[in-house]
Amino acid sequence: MPTGAGAAAYADAMSTHARRERLLLADLLESAGPDAPTLCEGWTTRDLAAHVVVRERRGDAAAGIVVPQLAARGERIRKEYAEKPYGELIQLIRTGPPKMSPFAVKQIDEVSNSVEFFVHAEDVRRAQPDWSPREVDPVFAEALWKRLEKGSRLLGRGAPVGLVLRRPNGQTAVARRGTPVVTVTGEPAELTLFVFGRQSAARVSLDGEKEAVGRLETAKLGI
């Protein structure tokens, strides 16, 4: 780990992906307007924007994402934020979390938000009728793959069959052990969307028994 001035440069580099994906998400939400559909079932772009803001600014509400007992309270707070002017929500996303938020720490921002914002940006993009896949640069693709290698078992725990993620270059990550096995092949960005529960929008190929593939395509994956 670098120290001194090198550490500062390292931290800046580490936050590059999250910062870029944040601004891209804000731009997509702004362009789509508040009432556009998203890949998040039942949510418009306004709902999604409110979720992003609450997640960063209201830790008491964000806990409901992972703690079922707090889900109802978290959803109530999210709906309250959704009533704010849409432009205000977009600006809050662009400016980022308050200084006292854990997400204001660059390293935490990168670890927590680079994939989060990427997925939500695609939630907006791919819900539109004329969407086309974005070109993901090789550095970010590698970052996404490393996150998949580390987190695939958590994300794939809801798979009803064995699940292997495979890049076109042959690298693999086991998301869930079991039989029968389905191998999902695609670029890291597409595999990320798949294991985050966006199976129908991910451009991947699935290899396995027909019944097992069908079960996996409709399974609840992700966090």
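List of remarks:
- Screening the candidates A26, A18 for the property of being among the small types (G, A, S), within 19 Å of V124 (Cα to Cα) and at pLDDT 95 or above yields one hit, A26.
- Look at (1) assigned to a helix (DSSP H, G or I); (2) outside the structural domain of V52 (by TED's automatic domain parsing); (3) β-branched (V, I, T) and you find that V115 fails only one, number (2).
- Looking across segment 144-200, the residues that are of a type in the set (D, E, K, R) and more than 15 Å from A212 (Cβ to Cβ) come down to K146, R147, E149, K150, R153, R157, R166, R167, E187, E190, R198.
- Residues satisfying the stated conditions in segment 118-143, i.e. in a helix (DSSP H, G or I) and out of contact with any Phe, Trp or Tyr (no Cβ under 7 Å at 6 or more places or on another chain): F118, H120, A121, E122, D123, V124, P138, V139, F140, A141, E142, A143
- Residues in segment 197-212 that are out of contact with any Pro (no Cβ under 8 Å at 6 or more places or on another chain) and closer than 17 Å to V174 by Cβ: 3 in all.
- Of all residues in segment 118-132, exactly one satisfies the criterion of being surrounded by 15 or more Cβ atoms within 10 Å (Cβ to Cβ) and either aromatic (F, W, Y) or over 22 Å from D35 (Cα atoms) (or both), namely F118.
- Flag for A62 being modelled with pLDDT under 75, hydrophobic (A, V, I, L, M, F, W, C) and either surrounded by 14 or more Cβ atoms within 10 Å (Cβ to Cβ) or more than 12 Å from V124 (Cα to Cα) (or both): yes
- All positions within segment 119-159 that are under 17 Å from the mean Cα position of the chain (by Cα) and within 17 Å of T44 (Cα to Cα): V119, H120, A121, E122, D123, V124, R125, R126, A127
The values are calculated or read from the model by the stated rules, or taken from the named source; none is laboratory data. None of these values were measured; they are calculated from a predicted model. Cβ: placed from backbone, ideal geometry, glycine included. Neighbour counts: every protein chain shown.
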